[in-house]
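**Q** Quick one: this structure, given as structure tokens, is what I'll be asking you about.
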Amino acid sequence: MKKDCLDDPTPCAEFDLRTLVNHWVLFTSHGLEHRALRRPIPDELTGRDFTADPEWAEAYAAQLD
């Protein structure tokens with residue numbers, strides 16, 4: 001995914017593409033892991049922009065594995 005498209009809108013007016021991707025990363029990888037361990041998601045993760053890292057897609061894939 002090209003970084004410049006992360007600011008594109010989505011059908012949901014409250015989410016641009018960056019916000020949507022961050023939501024997916026937080027709740028599908030980190031959220032599922034923390035839920036399985038019965039631990040709350042740390043505040044540092046809820047406010048993090050995962051897409052700021054150029055390797056975010058690879059890190060996301062590794063987290064899901």
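**Q** Express the carbon and sulfur contribution to the solvent-accessible surface of the chain as a percent, rounded to the nearest whole number, probe 1.4 angstrom. Show your work: numbers first, answer last.
**A** Values: 2710 of 4820 Å².
Roughly 56 percent, rounded to a whole number.
**Q** As a check on your grasp of the helix formula, calculate [θ] at 222 nm for the chain: sum -39500 (n - 2.57) over DSSP H runs of n ≥ 4, divide by the residue count, round to the nearest 500. Working shown, then result.
**A** Details: 4 runs with 27 residues, N = 65.
Result for the chain: -10000 deg cm²/dmol, rounded to the nearest 500.
**Q** Thr10: accessible area at probe 1.4 Å, nearest 10 Å²?
**A** Near enough 30 Å² of accessible area.
The values are calculated or read from the model by the stated rules, or taken from the named source; none is laboratory data. Bear in mind that the values here come from a model prediction, so they are computed numbers and not experimental data. Accessible surface areas use protein heavy atoms only, side chains included; no ligands, DNA or RNA. Shrake-Rupley method; radii C 1.70, N 1.55, O 1.52, S 1.80 Å.
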